[in-house]
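Undergrad: Dropping the structure in here first, questions after.
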Amino acid sequence: MGFGRLCAAALALCFLGAAQTSTAAKELPSCTLAKCELTLNDAILLALERNRPLLNSRLDREVQRFSLEVAEDRYRPTFSLSPFANQDRIDRTAGLGARSVLRVPTGGQFGIHYNDTRSRLFEDSGSQTLSFSQPLLKGAWPGVATAPLRQARISERINVLSFRQTTASLIDAVIRAYRGLTGAMRQLEISESSLQRARQQLEATRALIGVGRVAEREAGRSEAAIANRELALVRARNQLENAQFRLISILELDSAIRIAPLEELTAEKLDTAFEAELDYALRNRNDYLSAGLGVDIAEIGLAVARNNMLPDLSLSFDWTERHTGEIDNGVRLNLTAPLPWNDRSRELQRMRARYALRKAERNVLELRESIGVSLRQAVNDVEVGFRLIELARNARELAERNLEVEGAKFSQGLSSTFEVAASEDDLVRAEQAEVDAIISYLDALTRLDQTTGRTLDRWGVEVEAFSP
């Protein structure tokens, strides 16, 4: 498939596993084998479509969803057939056995068994039996009997949250890589502009030397400035290539392709409120929700472990009708009570379950506190980050004016190439500082989205859990 078609194919995300990922459909720009123009949203679409680790996670979701379906079969009837045939030197016999079992949420089970045997020499025999058994203590009643199914359903919810987190982490990686590429391109533009100004300065210096207004040594300083600018340009190009490879690796594209970002580095002030952000985080963060579900699983495990400490008391009923018309039935009460000093494994199981619940509850509290600390830091970084952009922009404007002044003074013989080069260095540093401030601010916004669990909502990506 050509790469142009490949980009067009990214209009829709794959619906695989126990989750489906969707974004608003939009036209992607045309791509060639050498260049692909992408917006940030386009890059996210391609990553969600092509990133191999995410595709592997979708395959895992297929297995996880099927695992839940298997767990749901717990209260569906099971059937088995047992045909047989036997021949020896005395007789030839054949028969068929069939059995069906149905579990019920109380922990009991119904059974139907049919048996029919045919013999060449002896009288044929057969019977059909209806049975029911119900535990009364250990393993009894829905709270314990349905524990495996409830744990499977909760585990499925945790798996969905884990897939959501995997998807959000991929989006974060794409955003940072795309932003790094955009910043590297801006740094390259700064280096190219600086080199061009240095060459223009050399031409102006030679012109002034020709009319005797500046000394010959000034040309050497201008040539040295050009050499430094060329060195900075080579470094900027190398940084751009590295940024290209980082994004290409995430998008799983051919290494010969070069991505052209269509979005520039811009920053708008975002007002944030800690309390509102914290409330959103506690309702939407995947790891916090998973931790809460972990407490639910631990509580079920403790209930089961406590129930296993009880004696095994069960009531059973059998009704059998033979082919001769005879009917047998009976009621049994069975009790098995291991001596506690003879087998302490069940006490060990209960201890583990009790401590597992305590750990799960502490994990929730610890994570809540960690979210609060991380969120305060993220909000502070956003607030400070925009202020740094304003300061960096002001510094860059002052550096531009200072360079203009030094250039004018040099043309009148009132300055030297050293002062001009120093002013040029100040401007380059101010421009680079402004780019770094914008990227830092945008990264702070990304961290804020990541801390609050807003990444998927921010980019319109929906991961819908499979509903059993």
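Undergrad: Checking the conditions here, which among LEU40, LEU59, LEU48, LEU54 is touching a residue at least 40 places away in the same chain (Cβ under 8 Å), within 30 Å of SER169 (Cβ to Cβ) and touching a strand residue (DSSP E or B) at 6+ places or on another chain (Cβ under 7 Å)?
TA: After ruling out the rest, the residue left standing is LEU48.
Undergrad: Can you name the number of the only condition in (1) touching a Leu at 6+ places or on another chain (Cβ under 8 Å); (2) surrounded by 13 or more Cβ atoms within 10 Å (Cβ to Cβ); (3) not hydroxyl-bearing (Ser, Thr, Tyr) that LEU81 fails?
TA: (2)
Undergrad: Of all residues in segment 295-348 being of a type in the set (Asp, Glu) and open to solvent by less than 80 Å² (accessible area, probe 1.4 Å), which is nearest to ARG362 (Cα to Cα)?
TA: ASP296
Undergrad: Restricting to segment 130-188, what's the tally of residues that are hydroxyl-bearing (Ser, Thr, Tyr), assigned to a helix (DSSP H, G or I) and either open to solvent by 40 Å² or more (accessible area, probe 1.4 Å) or under 30 Å from PHE110 (Cα atoms) (or both)?
TA: Residues meeting the conditions: 4.
Undergrad: Out of the residues in segment 406-445 meeting the condition of being buried (at least 20 other Cβ atoms within 10 Å of the Cβ) and aromatic (Phe, Trp, Tyr), tell me which one is modelled with the highest pLDDT.
TA: Restricting to residues being buried (at least 20 other Cβ atoms within 10 Å of the Cβ) and aromatic (Phe, Trp, Tyr), the top hit is TYR441.
Undergrad: Ok, one more. Has segment 206-218 got any residue that is in a helix (DSSP H, G or I), farther than 24 Å from THR446 by Cβ and touching a residue at least 24 places away in the same chain (Cβ under 8 Å)?
TA: For segment 206-218, residues in a helix (DSSP H, G or I), farther than 24 Å from THR446 by Cβ and touching a residue at least 24 places away in the same chain (Cβ under 8 Å): present.
Undergrad: Quick check on this structure: which one of LEU388, LEU403 is under 26 Å from ALA184 (Cβ atoms), in a helix (DSSP H, G or I) and modelled with pLDDT under 95?
TA: Every option except LEU403 fails the conditions.
Undergrad: Go through segment 91-106 and report how many residues are in a strand (DSSP E or B) and open to solvent by 60 Å² or more (accessible area, probe 1.4 Å).
TA: Going through segment 91-106 one residue at a time, the tally reaches 5.
Undergrad: On to the next question. Restricting attention to segment 245-294, which residues are over 30 Å from LEU367 (Cα atoms), assigned to a helix (DSSP H, G or I), open to solvent by 70 Å² or more (accessible area, probe 1.4 Å) and not small (Gly, Ala, Ser)?
TA: PHE245, ARG246
Undergrad: Looking at (1) of a type in the set (S, T, N, Q); (2) within 24 Å of the chain's Cα centre (by Cα); (3) modelled with pLDDT under 95, can you tell me which one SER290 breaks?
TA: (3)
Undergrad: Quick one: what pairs do we get from segment 124-145, first residue in contact (Cβ under 8 Å) with a residue 40 or more places away in the chain, second in a helix (DSSP H, G or I) and among the β-branched types (Val, Ile, Thr), C-beta under 8 Å, 6+ apart or different chains?
TA: VAL144/VAL304
Undergrad: Take the residues in segment 446-468 that are at pLDDT below 95 and among the hydrophobic types (A, V, I, L, M, F, W, C); name whichever of them is farthest from the chain's Cα centre (by Cα).
TA: PHE466
Undergrad: Please give the number of the condition LEU136 fails out of (1) within 48 Å of the chain's Cα centre (by Cα); (2) under 26 Å from VAL70 (Cα atoms).
TA: Here LEU136 meets the rest and fails (2).
Undergrad: If you take the residues of segment 325-373 that are of a type outside the set (D, E, K, R) and in contact with a strand residue (DSSP E or B) (Cβ under 6 Å, 6 or more places away or on another chain), which of them is farthest from ALA305 (Cα to Cα)?
TA: The qualifying residue farthest from ALA305 (Cα to Cα) is ILE327.
The values are calculated or read from the model by the stated rules, or taken from the named source; none is laboratory data. Please read all numbers here as calculations on a predicted model, not as lab measurements. Cβ: placed from backbone, ideal geometry, glycine included. Neighbour counts: every protein chain shown. Remember, those area values only see protein heavy atoms, side chains included, never the ligands or the DNA or RNA. Shrake-Rupley method; radii C 1.70, N 1.55, O 1.52, S 1.80 Å.
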